[in-house]
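Novice: Provided herewith is a single structure, encoded as structure tokens, for subsequent inquiry.
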Amino acid sequence: MKKIIFGILAMSLSTMALAENKYGVGLGVGVSNSIYKGADDKAYPVPLLDINYGNFYVKGITPGYYLFRGEDLSVSAFIDPMAGFPIKAKDMGVGYTNIDDRDFQAMVGLRADLNTGIAGIRTGASVQFGEHGSEAKISAFRPYNINDKFTLVPGIYVKGFSGDYTDYYFGVTSDEVRRSDSDNLNREYKADAAASVGANLTAEYKWNEKFSLIGILGVEKFSSEVTDSPIVNEDPLFIGSIGAKYYF
């Protein structure tokens with residue numbers, strides 16, 4: 001899903017070395033299975049922005065501003081313009097096409113990044129708020145410079161979602177059940193606060209000083225508060241993305 005690919009990009013790209021002023025633009029394509037029952041796997045365009053200008057930055061599609069920027073610790077405020085797990089009813093499987101659409105939401109948040117000084121491990125923590133609830137995330141990752149051209153960044157993370165957030169995206173109302181034309185959707189569901197765990201691997205190959213190739217693989221597993229929903233698959237989400245980026 002788009003949100004997961006953008007989220008991994010925002011985290012992974014921030015692990016690369018930062019210049020005081022740097023401008024990288026590019027485009028990739030991402031693919032993922034769907035968290036929703038009956039929805040087809042899809043491919044998405046993925047903007048690859050890596051822009052730093054003073055205290056302002058854009059990572060993936062997320063703009064932000066550094067409130068504090070030390071040698072090992074940084075704190076920033078950001079806007080996530082495409083958060084959430086959107087789905088159009090028409091894209092659902094048979095028996096689920098009468099649900100309400102779930103839309104992207106814009107969220108504002110705070111993020112702290114720390115270089116632990118332990119085996120090159122870096123950590124990040126963020127919290128963000130939007131119209132349909134809140135989301136928090138803790139991550140750890142470790143860049144490996146294989147050589148002067150090739151960098152691998154494995155990472156793990158844990159997310160928490162407020163009850164309002166999970167209920168908007170994964171809850172089922174009595175009206176949706178009433179409108180259903182199939183026994184596939186035969187009960188209401190009130191989703192409580194939930195969590196997920198995930199892992200990803202980002203690779204960047206610097207073809208030269210101006211041009212890079214980027215690839216991402218990731219998986220995310222959700223807690224039962226999400227997967228018990230009658231409109232949600234129990235399987236983990238798997239994502240993949242590949243793209244190219246040019247630095248000015």
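Novice: So which residues in the stretch 233-248 are over 18 Å from A195 (Cβ atoms) and in a strand (DSSP E or B), if there are any at all?
Specialist: Pass one, the stretch 233-248, residues over 18 Å from A195 (Cβ atoms): 238-248.
Answer for the stretch 233-248, where residues must be over 18 Å from A195 (Cβ atoms) and in a strand (DSSP E or B): F238, I239, G240, S241, I242, G243, A244, K245, Y246, Y247.
Novice: Hey, another quick one. Do we have I51 as farther than 19 Å from T202 by Cα and surrounded by 13 or more Cβ atoms within 10 Å (Cβ to Cβ) here?
Specialist: Numbers: farther than 19 Å from T202 by Cα: no; surrounded by 13 or more Cβ atoms within 10 Å (Cβ to Cβ): yes.
It is false that I51 is farther than 19 Å from T202 by Cα and surrounded by 13 or more Cβ atoms within 10 Å (Cβ to Cβ).
Novice: If I go through the stretch 27-84 residue by residue, how many of them are of a type in the set (S, T, N, Q) and either closer than 19 Å to G218 by Cα or under 13 Å from the mean Cα position of the chain (by Cα) (or both)?
Specialist: Filtering the stretch 27-84 down to residues of a type in the set (S, T, N, Q) leaves 32-34, 52, 55, 62, 74, 76.
When the remaining residues are screened for being either closer than 19 Å to G218 by Cα or under 13 Å from the mean Cα position of the chain (by Cα) (or both), the result is 32-34, 62.
Matching residues across the stretch 27-84 total 4.
Novice: Here's another thing I want to ask about it. Filter the stretch 217-235 for residues that are open to solvent by 20 Å² or more (accessible area, probe 1.4 Å) and within 14 Å of the chain's Cα centre (by Cα); which is nearest to Y189 (Cα to Cα)?
Specialist: K221
Novice: Of all residues in the stretch 78-115, how many are aliphatic (A, V, I, L, M), open to solvent by 60 Å² or more (accessible area, probe 1.4 Å) and outside any strand (DSSP E or B)? So that I can check it myself, show each step before the final result.
Specialist: Filtering the stretch 78-115 down to residues aliphatic (A, V, I, L, M) leaves 79, 82-83, 87, 89, 92, 94, 99, 106-108, 110, 112, 114.
Right, trim to open to solvent by 60 Å² or more (accessible area, probe 1.4 Å) and you get 79, 94, 106, 108, 110, 114.
Now narrow it down to the ones that are outside any strand (DSSP E or B): 94.
Adding up the residues that qualify gives 1.
So that you can scan it fast, the table gives a plain yes or no per residue for (1) open to solvent by 10 Å² or more (accessible area, probe 1.4 Å); (2) in contact with a Leu (Cβ under 9 Å, 6 or more places away or on another chain); (3) closer than 23 Å to D113 by Cβ; (4) among the hydrophobic types (A, V, I, L, M, F, W, C):
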| residue | (1), (2), (3), (4) |
| --- | --- |
| V158 | yes, no, yes, yes |
| D164 | yes, no, no, no |
| T173 | yes, no, no, no |
| S180 | yes, no, no, no |
| A193 | yes, no, no, yes |
| L201 | yes, yes, yes, yes |
| N208 | yes, no, no, no |
| L213 | yes, no, no, yes |
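The values are calculated or read from the model by the stated rules, or taken from the named source; none is laboratory data. It should be emphasised that the depicted structure is a prediction, and the values quoted were computed from it without experimental measurement. Virtual Cβ from ideal backbone geometry, glycine too; neighbours counted across all protein chains shown. Protein only, heavy atoms only, side chains kept; ligands, DNA and RNA dropped before computing areas. Shrake-Rupley method; radii C 1.70, N 1.55, O 1.52, S 1.80 Å.
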